[in-house]
1. Exactly one condition in (1) assigned by TED's automatic domain parsing to the domain that holds residue 250; (2) touching a residue at least 40 places away in the same chain (Cβ under 8 Å) is not met by residue 151; state its number.
2. Tell me which residues, restricted to the range 210-226, are among the acidic types (Asp, Glu), in contact (Cβ under 8 Å) with a residue 24 or more places away in the chain and surrounded by 15 or more Cβ atoms within 10 Å (Cβ to Cβ).
3. Any idea which residue in the range 59-79 is nearest to the chain's Cα centre (by Cα), counting only those that are aliphatic (A, V, I, L, M) and surrounded by 13 or more Cβ atoms within 10 Å (Cβ to Cβ)?
4. Give the number of residues within the range 249-282 that are β-branched (Val, Ile, Thr) and farther than 14 Å from residue 205 by Cα.
5. Write out, first by first residue and then by second, each pair whose Cβ atoms fall under 6 Å of each other, whose residues are 6+ apart or on separate chains, and whose first residue, in the range 182-209, is in a strand (DSSP E or B) while the second is among the β-branched types (Val, Ile, Thr).
6. Looking at (1) buried (at least 19 other Cβ atoms within 10 Å of the Cβ); (2) outside any helix (DSSP H, G or I); (3) under 18 Å from the mean Cα position of the chain (by Cα), which is the one condition that is false for residue 37?
7. Could you check, for the range 94-113, whether at least one of its residues is surrounded by 18 or more Cβ atoms within 10 Å (Cβ to Cβ), under 22 Å from residue 13 (Cα atoms) and of a type outside the set (Lys, Arg)?
Amino acid sequence: MQICRTKAELREAVKGFRAQNESVGLVPTMGYLHDGHMTLVRTAKAQNDRVVATIFVNPTQFGDASDLDAYPRDEDRDFALLKAEGVDAVFVPSVAEMYDPNAQTTVETEQLANLLMGALRPGHYKGVCTVVSKLFNIAQADRAYFGEKDYQQLLVVKTMVRDLDMPIEPVGVPTVREVDGLAMSSRNVRLSLEDRQAALILNKALAHGDYEISDEREVDELEAELHRFISREPRAKIETIDVRDAFTLEKPQGKINSPVVILLAARFGDVLLIDQRVCDPS
C-alpha cells in the first residue's frame, strides 16, 4: 500500500493505475477507522480495479475548535486496517498541503447546505463540499463512496457532482451498525459506558418511526411522537428530529404517502451523534 503525503504523490500513483487502464474507487475518511469505513472499502474494491482511501481531519467542517481537537486519531492503526483490506494507496495530507494560506475559493450547495444539520452546524457542509471537491480533483477517481448514515452529506455531495458536472459517481453505502444496533461512528469511542448504552435509543426510535409511518401519519405528528420516544432516555439531549422527503429533504405536506427519511441528532454527554432511516409507507 502506497502512503501519499502530498497531492503530487497521489496524482502519480493514480497516473500509474490509469496507465494500466484500471478503474479507481475513492473512499474519503477522517480516520480512526471502523468497520463502517471498511464496508466502504470493500464496496469500492468490488466495483473498481484499484482503491484509494484518504485520511484527513478537515478543519473547515468543524464549527467548534474543541470538537476538532477532540476528534480521535490513530494513523498507524488506520494504515494497518487499510492494508489488510487491500487498499492500493492512502492519501494523508497535512492541513498545509490541502489548503493554501491564500485560498479564496469555497464550494457550497446553497440550499441543502443550510437545512437540517447544516442549520445546526453553520458552515459544516460548505467545508465538506470544499474538501470533497478538492479530493475529487486530486484523485480523479471514477467513483467515491460515502456512508448513508450521514444522509444529508450524501445528498449534498450528489448535488454538487450534478451541478458542477464532475466526472465521478458518488455511491451511497448502507449504514453499518454494532451488534446492538448503534450506528458505527468514530465518535462512539468518546462515549462513556452510560452514554454508550443510552445512545441505543436512536436506532430504537428509527424502528419505532418506521412502524408508525405506515399508519397514515402527518409529518408534525410523527416528529412529535419521535420526540416523546427519545425523551424517555434522560441522557439523550435532542438536537434535531426531522422527517423529510427522501429525495429532496423538503418537508412533506399532509399525510406521508411517499418515501421519507427520518433524521435524528442528539448529544450524549458532549458527543453529538446522528442516525437515519429511509422509510416507505407503502
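1. (1)
2. Quick first cut of the range 210-226, residues among the acidic types (Asp, Glu) only: 210, 212, 215-216, 218, 220-221, 223, 225.
From the residues that got through so far, the ones that are in contact (Cβ under 8 Å) with a residue 24 or more places away in the chain too are 210, 216, 218.
The one that is among the acidic types (Asp, Glu), in contact (Cβ under 8 Å) with a residue 24 or more places away in the chain and surrounded by 15 or more Cβ atoms within 10 Å (Cβ to Cβ): 210.
3. 68
4. Applying the first criterion (β-branched (Val, Ile, Thr)) to the range 249-282 yields 256, 260-262, 271, 274, 278.
So of that shortlist, the ones also farther than 14 Å from residue 205 by Cα come out as 256, 260, 271.
Number satisfying all stated conditions: 3.
5. 183/175
6. Answer for residue 37: the failing condition is (2).
7. yes
The values are calculated or read from the model by the stated rules, or taken from the named source; none is laboratory data. Worth saying up front: this structure is predicted, and the values here are computed from it rather than measured. Methodologically, a virtual Cβ is constructed for each residue, glycine included, from the backbone with ideal geometry; neighbour enumeration extends over all protein chains shown.
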